[in-house]
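Here the structure is laid out as structure tokens; the discussion comes afterwards.
Read-outs throughout are calculated quantities, based only on the coordinates presented, and are distinct from any laboratory measurement. Worth saying up front: this structure is predicted, and the values here are computed from it rather than measured. Here the Cβ positions follow ideal geometry from the backbone for every residue, glycine too, while neighbour counts run over all protein chains shown.
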Amino acid sequence: MTRDGNGGPMRTEDDLRHALATLERHAPGADAVLAAVRGAAGGGARLGRPSRIRRWRPPAAPRWWRWPRLALVLAATAAVAGLVITLVPGSTSPRPGSRPGQAAPPGSSPSHAGLPSAASVGRAMLTAFNGVTGDIEYTTQTGINKGVTADVYRTWSWPAAPAPGQWQVERTLFSQRTPQVPVLAMTEDNAVAYTTPRAGVQTLRGRVTMVCYSGTGQTGCGFGQTQTSPGTWSQVNQKVWVSASDITGAGGLSAADLARGIAKGYWQVVRRTRLEGQPAIELNETGRGPEVWDPLPTLLWVNARTHLPIRMVNGVGHATVSTNDWAFLRPTPANLALLRVHIPPGYPRSVPTR
Amino acid sequence: MAEAVLTFEEFAAARLPAVLRFAAVLTGDRGLAEDVVQEVLLRASRRWESIAGLDRPEAYVRKMIVNEYLSWRRRSWRLVPSGAGTEVDGRLTPDPAAGHAEREALLAELARLPARQRAVLVLRYYEGLSDTEIADALGCASGTVRGYASRGLAMLRVEMTGPPSPAQHVIREKS
């Protein structure tokens, strides 16, 4: 390693090669992968239909839901309202994009004379976040395939914008539909608690609590290199990376990251509309950001009064659609209780395997 | 005599471990690597006859893996787990070797790169592909590849000393 002009360390290409080679240790076992492929080809998944073979392996947080790389279809934005559906039947979620009693930022009343610029919307969103930094940011990410909800991630993060040194908790509740259990079933409930590092430090140790539900077909619940057995819960200290930041550009899906992306011109304002009974500004991702996920279009609705995000839909008009809904909850005792992982009666504590 | 065409099972038996290592390096995550490879292999198995007829079936499968990785659903999670856990109340010990810590830091920064930048660096420095080959795999121009590489290397503070050397191919041919 050498030093750069500022005295900082400069790495060599060989450093990078060697570091990449060490990642080989994360390679999954070939037998398990092949068994899943054989099972999907000959069993649960029918040929010619979108495969969902990831359902057969233990879920590991964080999760991604696959997006088929389909030809880009420019769906008329007017059709989007019909696509926006209530995603979690029976959910008692608060109204997205809102916070009870929250006052609109000064000067933020929408003008019907014309559309605001994306830059001004982004800036207004960042200002709005200053008013909810101590709230619980609640997001629901839902994957839908051909109109059928495939999986749902509900995440509570508190505080929404932590200061360095502040204790932060993030809980994720994951439900999915599997070949074994063809209805949405609770699969995994985990929480990570950690002290927010100072700016620039993104590697830290957190306390990870994991409940792995049984009966959904999974053989374990993974988090990094640890795996908790179904029907048990575990708690470990584990290294985590805090990934959402300016570094990832539009890659992060935190509301603040989105706002920064909007301010930088990665989105354009489409129109004013109403969503969930709220006045909303509709935006369309331009594809000019540092990262673009297929398939576009991706639409975002921001509350025109509070300038907090309401909903984002990826893949509008495609067979597979992903939606994100946001809500900001006051840190009342009842809402703070939502941050706690629920351990079902009879579930013993286990030591996760590596 | 006509050359025997590799069956899917033969391909999997011979090359799957190497393909999985590539996916693990590409994604940096065991679970994601497993998901991506499973998805790709399922699709590949369904039209294996046409893939087996290509000059380099494995290269095609790796290209499918790259594309699958790049099209994976964007994540909303702020926290990415890393490494194994220590039981709560257990004693936490710092990394003993500075070199190991530096490599971990580099990997952490690599994990935060945008997916296309990361893919370009993996294809160049792990797979040993030329920029032209990378451009073909990603479906973009060579200049775009160089741009991704340049930005990625700058983010990682890696000093570029010259064009990728053929010796890099050794890394992925270990088994």
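Backbone phi angles across segment B:36-50, fed through the Karplus curve with coefficients 6.51, -1.76 and 1.60 (θ = phi - 60°), yield HN-Hα couplings of 5, 5, 4, 4, 5, 5, 4, 5, 5, 5, 6, 9, 5, 4, 6 Hz in residue order; Gly and Pro are listed as x. Put simply, the amide H of A:T196, placed in the peptide plane, has neighbours under 5 Å in A:G165, A:Q166, A:W167, A:Q168, leaving out anything fewer than 5 places away on its chain. Summarise the long-distance tail of P(r) for segment B:8-70 by giving the % of C-alpha pairs beyond 20 Å. So the pairs more than 20 Å apart make up 17 percent of the total in segment B:8-70.
For trypsin sites (Lys or Arg not before Pro), the sites in segment A:118-214 that DSSP calls loop and that have at most 10 other Cβ atoms within 10 Å are A:R198.
The fewest-to-most ranking of B:D55, B:D29 by surrounding Cβ atoms within 10 Å reads B:D55, B:D29. The label point for B:L54 and the one for A:R274, both projected 7 Å from the Cα toward the Cβ, are 5.2 nm apart. Dividing the Cα radius of gyration of segment A:304-354 by 2.2 N^0.38 Å, with N the residue count, gives 1.87.
Residue by residue, segment B:16-26 carries 3J(HN,Hα) couplings of 4, x, 5, 5, 5, 5, 4, 5, 5, 5, 4 Hz when phi is fed to the Karplus relation 6.51 cos²θ - 1.76 cosθ + 1.60 (θ = phi - 60°); x denotes Gly or Pro. For A:G222, the amide hydrogen comes within under 5 Å of the amide hydrogens of A:A60, A:A61, A:T228, counting only partners 5 or more places away or on other chains and with H modelled in the peptide plane. With a 10 Å cut-off around each Cβ of A:232-238, the average count of Cβ atoms from other chains is 4.
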